[in-house]
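Here is the structure we will look at, set down as structure tokens.
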Amino acid sequence: MESAQQTPELTIPAALDQAVARFSDRDALYADGLWLSFSELRTRARRFAAALIALGVEHGDRVAIWSPNSWHWPIACLGAQYAGAAVVPMNTRYTVDEATDILQRSEARVLVSAGVFLGSDRITQLDAAALPDLAHIVRVAVEAGDHTNWDEFVAHGDDVSDEDIDERKSTVSSEDISDILFTSGTTGRSKGVLCMHRQPLAASLAWATYGEFTENDRYLCVNPFFHNFGYKAGILACLQTGAALMPQLTFDPEKAMAAVQEHKITVLPGAPTIFQMLLDHPARKNYDLTSLRYSVTGAAVVPVVLIERMQSELDFDLVLTAYGLTETQGFATICRSDDDAVTVATTCGRPMTGYELRIDGAQKPGDEGEVLLRSANVMKGYLDDPRATAETIDSDGWLHTGDIGKLDEQGNLTITDRLKDMYICGGFNVYPAEIEQVLMRLDGVADVAVIGVPDVRLGEVGKAYIVRKPGASLDVQSVIDYSAKHVANFKKPRFVEFLDELPRNLGGKVVKPTLRTMHEENS
């Protein structure tokens, strides 16, 4: 077995070259019904780089990708970085206005975009006049019947020599910007996070090491590539360990189970809702899922029973939870293989290699405070926003996450809430995540989110938004009565509303501003 080795040059193009040297003919990427080898993956990435060079893309320019998980995404990403450009991943759910804002702020020269996706052709809706920097659009066909200019675009590089491609690659350094991911925007306007080549490589390799990745693994990637969970914990983790990557365009439980059976998938990370959907699917017993080995989940409340069922009913040997931010490459802490199900479900584990963590103001285990992180993998800064950068990273290098957490005696981190989500009821601080953990143990609750809402007497009180399990007969009073038995009176939700689903971003996080808006509109 090949051991995971960090490329000494610490650039993504060098990592691709090293992957070919180590895993040349092994499966790397599933594309249009066929597996591409690592050698073929590099060939296609270099052809994409050649096209960029031919069309005038310079070292340091930006290439945006606005497309769901298809084989085009990793090739465009690695090809752009091979040409010395920084990649700007864009959320596939962006409206045209949101996408235009990102393209303008990043000054992207090239856009790789799906044409028709989820019933809309966004490319035709873009206003070219509003995007003076955007010189080329590469159209990717991800739905049947759509057209593409991918091959025509790549053909622009036919006259670019291998020597020219190598020369451009040689200009890329470990301190160059590799990608600009925009924060999810749950606190307002998204900010562009500047990351350097050495950072996602080091962080994703450490993450893969905790999962014991090898070249024998096959990784079904249902997490979107525009998110760190798909890009860095997917593409880059596989690139450095020899694991084969199979993208899924959008998550479909039965298609995912069919892929696991046919391709002997071993690695399947995702948000808790994904595994709940698999467990609840009526056709699950028709599929052989015994090849599954490893999963990481998180981004939401994780019931202990879910971890146990993932192991007993979905056949995972190892299930871990983790914590990270866009500003730290998506990584920071992770549980370990010898942690029990309770530790995995109720904590985010301990700091990964290369990360330091402390709780601001904490004097002893159990004390709550803001989670601070320090690492060579902390972002270079926010795009064109030195003020926000200075407010986030202090003079000692600690990144202020805006998350409230605590450490137990073993150093495991539990996130109790976002600073902005904490509310004050009758003078007492209330952390919604604590109430959510309690309510997830109530029979019939499938999903829950708690927010603080205005109250004339107490300042703020709790409101729980709950998704019932199929067939559950939960009502408002039963939720309030259960809460009264398990939490202090000031923590008990005063209001309960049932929803078919909670609003989540594609990273799996509940978008609580949407819930607050819903409450205001209904008040």
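Coordinate-derived values only; no laboratory data. Since we're looking at a predicted model, the values are computed, not measured. Glycine gets a Cβ as well: all are built from the backbone with ideal geometry, and neighbour counts include every protein chain shown.
Provide the gained length on full extension for the span Asp455 to His486, in nm with one decimal, where the gain is 0.36 nm per separating residue minus the Cα-Cα distance.
Contour length minus the Cα-Cα distance gives 8.9 nm.
Treat every Asp and Glu Cβ in the chain as -1 and every Lys and Arg Cβ as +1, leave all other atoms uncharged, and give the resulting dipole magnitude about the Cα centre to the nearest 20 debye.
1060
Amide H to amide H, which residues 5 or more places from Leu325 or on other chains are under 5 Å from it, using H placed in the peptide plane?
Distant-sequence amide H within range of Leu325: Gly330, Phe331.
Round to the nearest 0.05 the FRET efficiency obtained for Gln261 and Asp97 when R0 = 41 Å and r is the Cβ-Cβ distance.
0.50
Say each of Lys380 and Glu107 gets a label point 7 Å from the Cα, pointing the same way as Cα to Cβ; how far apart are those two points in nm?
With each label placed 7 Å out from Cα toward Cβ, I get 1.3 nm.
Give Lys420/Lys469; Lys264/Lys469; Lys285/Lys509; Lys420/Lys491 a once-over and call out the pairs whose C-alpha atoms are over 20 Å from each other.
Too far apart for the 20 Å limit: Lys420/Lys469; Lys264/Lys469; Lys285/Lys509.
May I ask you to evaluate 6.51 cos²θ - 1.76 cosθ + 1.60, the Karplus curve with θ = phi - 60°, for each residue of the range 322-338 and list the ³J(HN,Hα) values in order in whole Hz, giving x for glycine and proline?
Per residue, the Karplus-derived 3J(HN,Hα) values read 8, 8, x, 10, 3, 5, 10, 6, x, 10, 6, 10, 7, 6, 10, 5, 9 Hz.
About its Cα centre, what dipole magnitude does the range 383-523 give when the only charges are +1 on Lys and Arg Cβ and -1 on Asp and Glu Cβ, stated in debye to the nearest 20?
Its charge dipole is roughly 460 debye.
If you average the alpha carbon positions of the range 226-278 and of the range 474-497, how far apart do those two centres end up, in angstrom?
37
How big, on average over all directions, is the shadow cast by the Cα convex hull of the range 12-180, in nm²?
Result: 9.6 nm².
What nm distance separates the two modelled labels at Arg516 and Asp158, each placed 7 Å from Cα along Cα→Cβ?
5.6
Could you give each residue of the range 153-168 its phi-based ³J(HN,Hα) in whole Hz, using Karplus coefficients 6.51, -1.76, 1.60 with θ = phi - 60°, and x for Gly or Pro?
5, 4, 4, 4, x, 4, 8, 8, 6, 4, 5, 5, 5, 4, 5, 5
Mind checking the angle between helix 253-263 and the chain's longest principal axis? C-alpha axes, 0 to 90 degrees, to the nearest 10.
Around 50 degrees separate the two axes.
By how many degrees, between 0 and 90 and to the nearest 10, does the Cα long axis of helix 12-23 differ from the longest principal axis of the chain?
With both axes taken from Cα atoms, the answer is about 80 degrees.
Rounding to the nearest 10 and keeping the result within 0 to 90°, find how far the Cα-based axis of helix 476-486 lies from the longest principal axis of the chain.
80
If you average the sequence gap of Cα pairs under 8 Å that are 6 or more apart and divide by the length of the chain, what percent do you get for the contact order?
11
How big, in percent, is the set of alpha carbon pairs in the chain lying more than 29 Å apart?
52
If you restrict to DSSP beta bridges whose two residues both lie in the chain, what percentage is antiparallel, to the nearest 5?
60
Give me the distance in nm between label points sitting 7 Å out from Cα along the Cα-to-Cβ direction at Asp25 and Ser173, one decimal.
That separation, rounded to one decimal, is 4.0 nm.
May I ask you to evaluate 6.51 cos²θ - 1.76 cosθ + 1.60, the Karplus curve with θ = phi - 60°, for each residue of the range 285-294 and list the ³J(HN,Hα) values in order in whole Hz, giving x for glycine and proline?
5, 7, 10, 8, 10, 5, 6, 4, 10, 9
What ratio of Cα Rg to 2.2 N^0.38 Å holds for the range 422-522?
The range 422-522 yields a ratio of 1.02.
So if each residue of separation counts as 0.36 nm, and I subtract the Cα-Cα distance between Asp32 and Ser291, what length gain in nm does that give?
Between Asp32 and Ser291, full extension yields 91.0 nm more.
For Tyr423, list long-range residues whose amide hydrogen, built 1.01 Å from N in the peptide plane, is under 5 Å from its own amide hydrogen.
HN-HN under 5 Å from Tyr423: Val430.
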